[in-house]
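Asker: Provided herewith is a single structure, encoded as structure tokens, for subsequent inquiry.
The values are calculated or read from the model by the stated rules, or taken from the named source; none is laboratory data. In this text, all values refer to a predicted model and were calculated from it rather than measured experimentally. Here the Cβ is made from the backbone with ideal geometry for all residues, glycine too, and neighbour counts use every protein chain on show.
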Amino acid sequence: MAHAPTGTAGDVVDELTRDHHEALETLARVTDGTLPMPERRNTVDTVIGEVVRHSVAEEMYVYPVMRDQFDDGGEIVDHDADEHAQLERVMKELEKTDPGDSRFDTLVSRMIDALRHHAQEEENEQFPRLRAHVDPETLQKMRDQVDTAKKIAPTRPHPDAPNSEVFHKLAGPGVGMIDRMRDRLAGSLGS
């Protein structure tokens, strides 16, 4: 798969692929045992926020195009949304688990496995199909939409919320604002 060179924007496929790789590479640093305990918590929380924003942006702007452009788009999108929901449940549990707890590493490994599986399906099957079915100008526009969505998306997992374009466009900005306020408050309290 062709990727945009480092330092260039690329299209939506390039951006989402970079997101996958960055999240997985960062989580690998958590599991290799070299990060001090406080950094493990902060690193995982940062990745969780990025994965949530990535997922919401996909659901808002990529999945509707896949649903419309692929003959089996509805099935693919439903499958991907289910995977997002499973990943959110793992992330929510991970948020509540202290890095010193033995379950923390197990949950990080579960997150890595779920994210790797999801990323491989998208990168090997769905993204090439997007490039085959959608013109480059639209793929660039989708990247801009995804970038905008990430700025207002929630930063914490909400496993009981619907994983749908309509929900994210109507309620997502409000939920995202509350999450960012919670993030700032947690940062100012040092937790």
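Asker: I'd like to check something: does the stretch 118-134 contain any residue that is loosely packed, with under 14 Cβ neighbours inside 10 Å, more than 12 Å from the chain's Cα centre (by Cα), under 20 Å from Arg40 (Cα atoms) and modelled with pLDDT of 90 or more?
Answerer: no
Asker: Pick from the stretch 141-153 the residues that are surrounded by 15 or more Cβ atoms within 10 Å (Cβ to Cβ) and farther than 12 Å from His54 by Cβ: which of them is modelled with the lowest pLDDT?
Answerer: First, the residues of the stretch 141-153 that are surrounded by 15 or more Cβ atoms within 10 Å (Cβ to Cβ): 141-143, 145-146, 149-150, 152-153.
Okay, now just the ones that are also farther than 12 Å from His54 by Cβ, so 141-143, 145, 152.
Numbers: Lys141: 96, Met142: 97, Arg143: 96, Gln145: 94, Ile152: 78.
Only one residue fits best here, namely Ile152.
Condition check ((1) surrounded by fewer than 18 Cβ atoms within 10 Å (Cβ to Cβ); (2) at pLDDT 90 or above; (3) not charged (D, E, K, R)) across all residues:
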residue	(1), (2), (3)
Thr8	yes, no, yes
Val13	no, yes, yes
Arg29	yes, yes, no
Ser55	no, yes, yes
Tyr61	no, yes, yes
Met66	no, yes, yes
Glu75	yes, yes, no
Asp80	no, yes, no
